[in-house]
Amino acid sequence: VFELAADSSGARTMNEPRSVMLQLPWPPSINSYWKRTKFGSVYVSKDGKAYGVAVVALIRRLQEAALVGRVALDAKFYPPNRQRRDLDNCLKVMIDAIQASGIISNDYQIKKLSAEMFDPIANGAAVVELSEISEPFTLF
């Protein structure tokens, strides 16, 4: 997964894993992301689509190459107010928007996940670090 590159002496070395730091808008809750028609069909809400468009635009402006292989995601959430929230409701919407940007090819690449909720800030935000994982998977 990691390419070999030549160093200044011409010897081949493994590229260092890359990471990307993102400051994203506060994600809508998964509970408000999906809507149902009166016939039972499910679709992404207007707010959900707007969030996805905003995240894709922010990430693409960075002009970063896609991360490859196994990826770790570390998310720090700063809600817009003191309303009680489930931490896990913030994740899926945000991860799907990150994937849509192309910085990861699919959310199945995320093999390590850390998330923490902090005190509120005006308008809310999510600070995310995505990092390629270089160590091989071992069972023990």
Working from Cα positions, state the angle (0 to 90°, nearest 10) between the long axis of helix 87-101 and the longest principal axis of the chain.
60
Can you tell me, using C-alpha contacts under 8 Å and at least 6 residues apart, the relative contact order of region 37-140 as a whole percent?
42
Taking trypsin sites (Lys or Arg not before Pro) as exposed when in a DSSP loop with at most 12 other Cβ atoms inside 10 Å, the chain has its longest clean stretch at 85-140
Near LYS46, which lysines are there with a Cα under 23 Å away, not counting those fewer than 8 places off in the same chain?
LYS35, LYS38, LYS92
Using the Kirkwood formula on alpha carbons, the hydrodynamic radius of the chain in angstrom works out to 16.7
Where nothing but the Cβ of Lys and Arg (+1) and of Asp and Glu (-1) is charged, how large is the charge dipole of the chain around its Cα centre, in debye to the nearest 20?
800
If I model a spin label as a point 7 Å beyond the Cα along the Cα-Cβ vector, how far apart are those points for ILE121 and VAL42 in nm?
3.2
Ignoring ligands, DNA and RNA, what percent of the 1.4 Å accessible area of the chain is carbon and sulfur?
53
For region 11-84, just list the percent of Cα-Cα distances falling in each 5 Å bin from zero outward, please.
3, 11, 16, 18, 17, 13, 10, 6, 3, 2, 1, 0, 0
If one builds a Gaussian network model of the chain from Cα atoms under 10 Å apart, the most fluctuating residue listed among VAL93, VAL42, VAL56 is VAL42
By how many degrees, 0 to 90 and rounded to 10, does the Cα axis of helix 46-61 deviate from the longest principal axis of the chain?
20
Rounded to the nearest 5, the percent of DSSP beta bridges in the chain running antiparallel is 75
Top mean-square fluctuation among LEU22, LEU91, LEU113, Gaussian network model of the chain, C-alpha springs under 10 Å?
LEU113
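The values are calculated or read from the model by the stated rules, or taken from the named source; none is laboratory data. These figures come from a predicted structure and were not determined experimentally. Here the Cβ is made from the backbone with ideal geometry for all residues, glycine too, and neighbour counts use every protein chain on show. Side chains included, ligands, DNA and RNA excluded: accessible areas come from the protein's heavy atoms. Shrake-Rupley method; radii C 1.70, N 1.55, O 1.52, S 1.80 Å.
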